[in-house]
1. What does the charge count around residue 265 come to, taking other residues whose C-beta lies under 14 Å from its C-beta (Lys +1, Arg +1, Asp -1, Glu -1)?
2. Please give the helix 78-88 orientation as an angle from the longest Cα principal axis of the chain, in degrees from 0 to 90, rounded to the nearest 10.
3. Assuming R0 = 35 Å, what is the FRET efficiency of residue 74 and residue 27, from their Cβ-Cβ distance, to the nearest 0.05?
4. Enter the accessible area per residue of region 288-396 (Å², integer; probe 1.4 Å; all protein chains in place).
5. Positive end of the charge dipole of region 1-118 (Lys, Arg +1 and Asp, Glu -1 on Cβ, about the Cα centre): tell me which of 86, 107, 75 has its Cα farthest that way.
6. Let me know the Rg and Dmax you get for region 291-382 when you use only its Cα atoms, in Å.
7. Going by a ≥ b ≥ c, the root eigenvalues of the Cα gyration tensor, does region 153-289 fall in the rounded group (a/c under 1.5), the prolate group (a/b larger than b/c) or the oblate group?
8. Taking a quarter of the surface of the convex hull around the Cα atoms of region 104-160, what do you get in nm²?
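The values are calculated or read from the model by the stated rules, or taken from the named source; none is laboratory data. None of the values given here were measured: they were computed from a predicted structure. Here the Cβ positions follow ideal geometry from the backbone for every residue, glycine too, while neighbour counts run over all protein chains shown. Just so you know, the surface numbers come from the protein's heavy atoms only, side chains and all, with ligands and any DNA or RNA stripped out. Shrake-Rupley method; radii C 1.70, N 1.55, O 1.52, S 1.80 Å.
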Amino acid sequence: MTAYKDMTLDQRRAEYAALQTAFADLKAQGLKLDMTRGKPCKDQLDMVSDIFDMLKEPEDYIVDGIDIRNYGALSGLPEAKRLFANLLDCKPKQVFVGGNASLQLMYGVIDCAFIHGRLNSPRPWCKEPVVKWLCPAPGYDRHFKLTESFGFELITIPMTSTGPDMDTVEEAIKDPAVKGIWCVPKYSNPEGIIYSKDTIVRMASMKPAAPDFTIMWDNAYCIHEFDGDYVEFPDILHQCKKYGNYDMVYEFASTSKITFPGDGVACMATSEANLEDFEKWIGIQTISYDKVNQQRHVLYLQNRAHTLKLMKKHAAFMKPKFEAVLSTLDREIAPLEIASWSHPKGGYFVSFDAMPGTAKRTLALCKEAGVAMTAAGATFPYGIDPNDSNIRIAPSFPPVEDVEKAIAVFCTCVKMSALEKLGV
């Protein structure tokens, strides 16, 4: 295969004509394939549905002297705290266990800071003339939308192979209006990057101008390897405490990709002072979360070692889908020199960088051929990719055979949009 940039105009036109024919054939198949979001497939959900057999007798609902069917234990069952502390390498006293959505806990932290301020806030954030927030990108669209919904000014921070560009971060935090940063530190969404130890230490030891600067540490894929063994990862709370920034970080995780996205358990880990402050405000909103579900997960997951065995079973479903995507891209796109992409070992996404100026066109063609994908620009603040290049590929949900069909359509569309950009 010849790189498109090395083709003559006539060669590019001939290639484009052939692709148009292939594209028409793909459209004629009437495909309806969903690659929009990273979510477990039905086989994965079926695999863990025996979790509902955990609680059968009335005495099963009495845990640590608590009737889990009743009110109480706002911050979570003690056993649930121990389980998540074991998974995150922190201490039970640092853990708050909530409902099924870690995003809800993230919103709660920002909401409380906005209305009431944080422990070290000079005033509630709603009283600040402007609040700025650092957004490493490509990143998670729901993070960006959350802080945008409060009217914060979002500042794009470039991602590197070791995490956010810390030189840029350290310069930005000299501004006292900069109140925080989003982080997905292990198998980042969408690039699958693992933050380096140096990045984590620099993050934990920062001295921001804002006394209430907040690291939102979304460790969503902390045990989510699909290719290889579990990768050890530093505990951010320990690092922040070591450098005198114990109250600066909130860490989040959930069982959304361990058991069920719609019926799992989410947690938050932070300093004891932060937890006390958070509980004061969250206790006005709810008396308690679903403790029956918390106990169900405690009995089912047991501990880190047992949970990692379960994650190996998930990996057996995930790995072939990622291999289908990556092998096709390596075969069909790499020789043409029109794009680059990540090769993750964990998480739920492949980050694809098309030729600048072609991402929207590529995804419009995909939609026309029956393949739905995350919108172009979604991985950047305000949904605007300045290069119109990044595309998030989410292969986890469809069966392998559908992933193969979808990525074949995607490659055809990438080629067509690249040729259109080069000129045909």
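1. For residues surrounding residue 265, the net value is +2.
2. 40 degrees
3. Working: r = 54 Å, r/R0 = 1.54.
Result of the calculation: an efficiency of 0.05.
4. Accessible area per residue, region 288-396: 37 Å².
5. Highest projection toward the positive end goes to 107.
6. Gyration radius and largest Cα-Cα distance of region 291-382: 18.3, 54 Å.
7. It comes out oblate by the Cα gyration axes.
8. 4.3 nm²
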